[in-house]
């Protein structure tokens, strides 16, 4: 178990088994359909990137898939079964703005282990590994909330990875960070992948998508406008929505003459 | 009317004299109040946290009741506790009337709604910030209550302080159930009431000043702790 | 570090509770339901230590208005009733709440007033005539209005004088609804005449420039009685210790102690046990 975080030698499963899938996923709020009939499959070991304009429903979709909110229609399958408490414990999520407990850095990490019933010597070992991984050893006794934005996000990553999740959801984890801090987070994501963690990443950063992603879902008005390999979509988008967005234009379906920003 | 400086001098003299009767009264006041606040926290913190962290049917009703009970008139609570503990009341056999225990019971009833209602507000705000992260981590309800209470600990100090303020200054309930018996149930506030009724206004005010001083010391102590916590962004 | 702060605070709190705990719970005690006037006069503080020294029994006094004292005792919340409202006391015994009533002592009521003396009653000794004058002048009069022994005695005196105070309530006749001390504090603040027992008046600390205006009428005698709460009705009553206290108060020694109690050289209570 404990080697998982530092073992970087193995992985990239040959078999593309489906870890998480959704069928006909819908979410309504105040009479509006915000997520509309989404079908998707996340294969084990892959990094799926979700892109799309603000308000296209990226974060919402992530929360539905993680089980933080309940869909209005449709089903989500986790390893062929339903998304229950046990399934949740095999997933983790890092938010755009890290939520830091009002405790020390180390205590934030311990909390995630405590919830999963990890105690004693193993907890100590994994805590130390996670601190080393996120390069937070010198800050371990500091209150988490006085850390810089980049340090906080590294801690949030470490806290998510300390439970060696099968699937990690990332909701624009570097959106409010400087380039150096973003790079550190990307390193952590790469390490997680090397350890076999499947990634679902929401980002606005095409470069980041290219660096980290295998598959890309392009979301538009709550629907999947386009899906496929990252490089293919970024280089030759097929859908109008993706073309417009990547071209720096606003895509308005009713108005074929999209404006350039 | 005596001048304020005269009252101040008398208060200082009263403290400096270290009169055993005065010390006894101060200590009993603190004991009754701290016990009541402690009990009120044991009951009110989890209660407020549960109402603050979870949605359930009739929740708004519960919140309204909790907020309303904050304004319980002490005399009414005193009378109710008297009727319960009176020899002819349902709990008369316990023989608790006119004891410090009776005073602690009455003050606990007064303070618990304050602790519960203010805790509810604090926990609700914190839960708003934490709920997604907790759901993501798979935190179970009971763990969530404890984690929220622990992380709100410095804000909850202020809650306990509000309860302490109410209890330590309260006279209406404790004088009924305690009886203001010398050396047994006489506390700061009932002494002040007694000295006022004896026309010893200067002494009464001097005692009032000491009561205020105790409140100030407790406040400074807690604010110092809270200040340290604020610098650590724990508040 | 912050956890340590918390633990330190909790420890300090518990320590405070510990040191403030009762110094060895005294078990041999009785509760006496009595009146504020007796307590405020200081008689109990003088008398009770002597009794405790002699018998080892601690007397805990709950001082409230006579009306409330009688009700508390009727609920069984006390072992001895020591008040001053003879008619109510006799009723208390007749109702089976008390065993037997004995006279203990008396003091007298006086009417105190402001130096301006708006009703011109200063120096009078005929209480009925003085009350009529106060009523005719419409001079402010502060009444306890709390169903206490003093209040009952005052109402009896108004009735004797033929004055209907109920009609004047809220006008010149003002009911404070508080104890003797509270009424004195309020009454002196509004230049009202106040009827008070002499003991409370002598020991009262906020007299201002008030003086006794009316005194010396035999009708203003204030008789105190003592009654053991009926143990057959309330099993929790400590009949043996309670009776011991009553016997001591009525004994020659007890009566002498009452007579000995003086403030500023003035005797406050006159023992008259039979």
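Condition (residue is crowded, with 21+ Cβ neighbours inside 10 Å and away from chain B (no Cβ under 11 Å)) applied to the range C:203-210: is it met by at least one residue?
no
Yes/no matrix, rows are residues, columns are (1) under 30 Å from residue A:143 (Cβ atoms); (2) within 11 Å of another protein chain (Cβ to nearest Cβ); (3) at pLDDT below 95:
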| site | (1), (2), (3) |
| --- | --- |
| C:10 | yes, yes, yes |
| C:18 | no, yes, yes |
| C:26 | no, yes, yes |
| C:32 | no, yes, no |
| C:40 | no, yes, yes |
| C:43 | no, no, yes |
| C:66 | no, no, yes |
| C:84 | no, no, yes |
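Is it true that some residue in the range A:72-85 is at the interface with chain B (Cβ under 8 Å from one of its Cβ atoms), more than 19 Å from residue A:174 (Cα to Cα) and at pLDDT below 95?
So far as the range A:72-85 goes, yes, one or more of its residues are at the interface with chain B (Cβ under 8 Å from one of its Cβ atoms), more than 19 Å from residue A:174 (Cα to Cα) and at pLDDT below 95.
For residue B:203, state whether it is closer than 30 Å to residue C:184 by Cα and either away from chain C (no Cβ under 12 Å) or at pLDDT 90 or above (or both). Lay out the reasoning, then the answer.
Values: closer than 30 Å to residue C:184 by Cα: yes; either away from chain C (no Cβ under 12 Å) or at pLDDT 90 or above (or both): no.
Considered against the rule, which asks whether it is closer than 30 Å to residue C:184 by Cα and either away from chain C (no Cβ under 12 Å) or at pLDDT 90 or above (or both), residue B:203 comes out as no.
Can you name the residue in the range B:214-235 that is under 21 Å from residue B:168 (Cα atoms) and free of Cβ contacts under 8 Å to residues at least 40 places away in the same chain and is also farthest from the other protein chains (Cβ to nearest Cβ) among such residues?
Only one residue fits best here, namely B:216.
Could you pull out the residue among B:104, B:43, B:50, B:26 that is at pLDDT 95 or above and within 14 Å of another protein chain (Cβ to nearest Cβ)?
B:104 is the lone residue from the list that is at pLDDT 95 or above and within 14 Å of another protein chain (Cβ to nearest Cβ).
Is it fair to say residue B:66 is in a helix (DSSP H, G or I), away from chain C (no Cβ under 14 Å) and buried (at least 19 other Cβ atoms within 10 Å of the Cβ)? Don't jump to the end; show me each part of the working.
Values: in a helix (DSSP H, G or I): yes; away from chain C (no Cβ under 14 Å): yes; buried (at least 19 other Cβ atoms within 10 Å of the Cβ): yes.
Answer is yes for this residue.
Does residue B:196 satisfy the condition of being buried (at least 21 other Cβ atoms within 10 Å of the Cβ), within 13 Å of chain C (Cβ to nearest Cβ), within 26 Å of residue B:98 (Cα to Cα) and free of Cβ contacts under 8 Å to residues at least 24 places away in the same chain?
Spelling it out, residue B:196 is indeed buried (at least 21 other Cβ atoms within 10 Å of the Cβ), within 13 Å of chain C (Cβ to nearest Cβ), within 26 Å of residue B:98 (Cα to Cα) and free of Cβ contacts under 8 Å to residues at least 24 places away in the same chain.
So, residue C:126, is that one outside the structural domain of residue C:48 (by TED's automatic domain parsing) and either modelled with pLDDT under 95 or within 24 Å of residue C:216 (Cα to Cα) (or both) or not?
So residue C:126 passes the test.
Has the range B:145-155 got any residue that is farther than 19 Å from residue B:114 by Cβ, within 14 Å of chain C (Cβ to nearest Cβ) and touching a strand residue (DSSP E or B) at 6+ places or on another chain (Cβ under 8 Å)?
Checked the range B:145-155: no residue is farther than 19 Å from residue B:114 by Cβ, within 14 Å of chain C (Cβ to nearest Cβ) and touching a strand residue (DSSP E or B) at 6+ places or on another chain (Cβ under 8 Å).
Give the number of residues within the range A:86-136 that are closer than 16 Å to residue B:150 by Cβ and in a loop (DSSP other than H, G, I, E, B).
Residues meeting the conditions: 5.
Go through the range C:217-270 and give me each residue that's part of a strand (DSSP E or B), surrounded by fewer than 20 Cβ atoms within 10 Å (Cβ to Cβ) and in contact (Cβ under 8 Å) with a residue 12 or more places away in the chain. Quick ask: steps written out before the conclusion?
From the range C:217-270, those part of a strand (DSSP E or B) are C:221-229, C:262-263, C:266-267, C:270; that's our starting set.
Then drop every residue that is not surrounded by fewer than 20 Cβ atoms within 10 Å (Cβ to Cβ), which leaves C:221, C:223, C:262-263, C:266-267, C:270.
Result: C:221, C:223, C:263, C:266, C:270.
Determine whether residue C:202 is over 19 Å from residue C:62 (Cβ atoms) and outside any helix (DSSP H, G or I).
Taking the combined requirement at face value, the residue does not satisfy it.
Need the failing condition index for residue B:87 against (1) within 14 Å of chain C (Cβ to nearest Cβ); (2) assigned to a helix (DSSP H, G or I), just the number.
Tallying (1) within 14 Å of chain C (Cβ to nearest Cβ); (2) assigned to a helix (DSSP H, G or I), residue B:87 fails exactly one: (2).
Between C:199, C:213, which is within 18 Å of the chain's Cα centre (by Cα), farther than 22 Å from residue C:55 by Cα and either surrounded by 24 or more Cβ atoms within 10 Å (Cβ to Cβ) or in the same structural domain as residue C:159 (by TED's automatic domain parsing) (or both)?
Sole residue among the options that is within 18 Å of the chain's Cα centre (by Cα), farther than 22 Å from residue C:55 by Cα and either surrounded by 24 or more Cβ atoms within 10 Å (Cβ to Cβ) or in the same structural domain as residue C:159 (by TED's automatic domain parsing) (or both): C:199.
With the checklist (1) more than 26 Å from residue C:39 (Cα to Cα); (2) more than 22 Å from the chain's Cα centre (by Cα) in hand, flag the one item residue B:225 doesn't pass.
(2)
Of all residues in the range C:181-199 being touching a helix residue (DSSP H, G or I) at 6+ places or on another chain (Cβ under 6 Å) and in a helix (DSSP H, G or I), which is farthest from the other protein chains (Cβ to nearest Cβ)?
Result: C:199.
The values are calculated or read from the model by the stated rules, or taken from the named source; none is laboratory data. Since this is a predicted model, take the numbers as computed values, not measurements. Quick reminder, even Gly has a Cβ in these numbers, built from the backbone with ideal geometry, and neighbours come from all protein chains shown.
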